[in-house]
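K.L.:
If you scroll down you'll find the structure; I have some questions about it.
Values in this text are rule-based calculations from the coordinates and carry no lab data. Source: prediction; values computed, not measured. No Cβ is skipped: glycine too gets one built from the backbone with ideal geometry, and neighbour counts run over all protein chains shown.
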Amino acid sequence: MSHTTIPSTMDGVYLPGDSTAVLKQFDVRPPGPGQVLLEMGASGICGSDIGYIYRGYKGYRGIDGPAYQGVVAGHEPAGRIVATGEGVTRFGVGDRVLLYHIVGCGLCDNCRRGFYISCSGDRASYGWQRDGGHARYVLAEERTCIPLPDELSFVDGALIACGFATAYEGLRRAGVSGDHDLLVVGLGPVGLAAGMIGRGMGAATVIGVEPSTTRREWADSLGIFDATIPAGPDALDTITELTRGAGASVTIDCSGSRAGRSLALEAAAEWGNISLVGEGNDLHTEVSDTLLHKQLTIHASWVTSLPTMSELATNLVRWNLKPETVVSDIFPLSQAARAYELAAGTSRGKVCLVPDGNAA
């Protein structure tokens with residue numbers, strides 16, 4: 001059912017793969033069985049959209065040819081349900097939701113654990129293989145909807161839908177608590193999320209490492225980190241001093257770089273836990289002194305499960321944290337080209353899109 005007039009077409013963002021973002025006309029399809037139609041409130045621009053789609057159809061997770069299928073871009077959507085299809089039972093018109101951004105087969109072992117991201121069957125991502133959030137409306141499967149608490153904005157929801165959930169999963173696996181100093185390597189949007197969530201989980205001290213002066217200054221302005229330091233040859237000594245000679249008991253690499261990952265390992269304390277969440281590149285380390293003799297545990301995670309994403313939305317309210325704090329720029333959909341150019345270049349923090357005329 002629907003309580004609003006819905007147009008038959010809409011503008012949506014299409015990514016040709018040549019470092020541009022263009023608006024095209026797309027059909028607005030009514031929801032079928034088990035589906036809902038969302039009117040978008042906000043949609044984030046993710047680093048994977050930049051690296052794998054915007055800049056040119058790079059291979060992704062072993063897929064031959066373009067993983068992006070020419071659909072409406074954007075895999076970080078949050079909005080309000082305006083229509084429901086047959087058989088929809090949990091959610092209804094007017095509900096505020098964010099979307100777990102992968103639709104899995106629902107039958108494989110990973111899907112049954114809630115890890116649609118690792119589906120081994122019929123898998124499709126919003127903004128990659130099916131229409132995503134960079135438009136006025138998005139057609140979604142009810143089973144990928146997650147309630148968005150009233151205390152959180154649509155921008156908050158968009159950030160939970162990928163980057164914040166990725167950081168949360170990495171920190172959960174590493175067991176962050178008040179017993180730990182936390183080191184975050186790489187202060188892009190996911191690194192900022194890790195710092196904020198680490199605070200919520202009780203980390204005693206939160207230290208950030210980032211090569212960009214602009215991003216360090218932005219991180220400093222948010223009040224998340226006890227210290228931010230430049231990447232480079234002196235970083236390890238500075239971290240050692242800040243942690244009273246012990247190193248950080250939990251480290252998380254959000255940089256996806258060889259140097260960043262190496263620092264996360266070298267700066268870890270004895271019996272420490274290291275979480276790797278940044279995509280791409282490789283890992284290079286000395287084994288005996290760095291890993292074995294320090295008795296380190298390395299965790300690697302890819303996004304999170306649907307139940308854990310829902311848990312994070314609830315916890316953020318409990319912790320009185322607002323993900324939108326890390327957003328440096330919000331653009332209307334009509335300025336998607338500017339938004340993507342900034343996100344792919346010199347943005348201080350997270351960049352989001354909202355429909356023209358909508359307040360997030």
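K.L.:
Using a 10 Å cut-off on Cβ atoms, rank the peptides 306-317, 133-144 from the highest mean neighbour count down. Walk me through the numbers before you get to the answer.
P.N.:
Numbers: 306-317: 18.7, 133-144: 24.5.
Going by the mean number of other Cβ atoms within 10 Å, highest first, we get 133-144, 306-317.
K.L.:
Same structure, new question: Using unit Cβ charges (K, R positive; D, E negative) and no other charged atoms, how large, in debye to the nearest 20, is the dipole of the stretch 176-288 about its Cα centre?
P.N.:
On the way: 6 positive and 15 negative charges, 54 e Å.
Dipole size: approximately 260 debye.
K.L.:
How would you rank 115-125, 249-259, highest first, on the average number of other Cβ atoms within 10 Å across their residues? Intermediate results must be reported in sequence, preceding the final value.
P.N.:
Numbers: 115-125: 18.2, 249-259: 24.7.
Ranking the peptides 115-125, 249-259 by packing returns 249-259, 115-125.
K.L.:
Bin width 10 Å, origin at 0, all Cα-Cα pairs of the stretch 121-170: what percent of pairs per bin?
P.N.:
19, 52, 27, 2
K.L.:
Between ALA300 and ARG113, 0.36 nm times their residue separation minus their Cα-Cα distance comes to what? Before the final figure, lay out the partial values.
P.N.:
Details: separation 187, 0.36 × 187 = 67.32 nm, distance 1.72 nm.
Full-extension gain reported as 65.6 nm.
K.L.:
So, by mean Cβ neighbours within 10 angstrom, what's the order for 294-301, 279-286 with the highest one leading? Could the numbers behind the result be given before it?
P.N.:
Working: 294-301: 15.8, 279-286: 12.2.
Per-residue Cβ counts within 10 Å, averaged per peptide and sorted highest first, yield 294-301, 279-286.
K.L.:
Run the simple label-point estimate for TRP271 and ALA204 please: 7 Å along Cα→C-beta, distance reported in nm.
P.N.:
1.3
K.L.:
Also: Using 0.36 nm times the number of residues separating ARG338 and ARG258, minus their current alpha carbon distance, what extension gain do you get?
P.N.:
On the way: separation 80, 0.36 × 80 = 28.80 nm, distance 3.01 nm.
Length gained between ARG338 and ARG258: 25.8 nm.
K.L.:
Moving on. Mind giving me the nanometre distance, one decimal, between the label points for THR89 and TRP319, set 7 Å out from Cα along Cα→Cβ?
P.N.:
For THR89 paired with TRP319, the spin-label model returns 3.4 nm.
K.L.:
If you compute Cα Rg over 2.2 N^0.38 Å for the structure shown, which of (1) 1.24; (2) 0.98; (3) 1.10 do you land on?
P.N.:
Evaluating Cα Rg over 2.2 N^0.38 Å on these atoms matches (2).
K.L.:
Using just the C-alpha positions of the stretch 163-298 as equal point scatterers, what log10 of I(q)/I(0) does the Debye formula give at each q in 0.16 1/Å?
P.N.:
Values, matching the q order: -0.69.
K.L.:
Suppose R0 equals 56 Å; then what is the FRET efficiency for ASP150 and LEU292 from their Cβ-Cβ distance, rounded to the nearest 0.05? Working shown, then result.
P.N.:
Values: r = 49 Å, r/R0 = 0.88.
It comes out at approximately 0.70.
K.L.:
Once every DSSP H run of n ≥ 4 in the chain is given -39500 (n - 2.57) and the sum is divided by its residues, what mean residue ellipticity at 222 nm do you get, rounded to the nearest 500 deg cm²/dmol? Can you show the working numbers first?
P.N.:
Working: 9 runs with 80 residues, N = 360.
So the helix-based figure for the chain works out to -6000 deg cm²/dmol.
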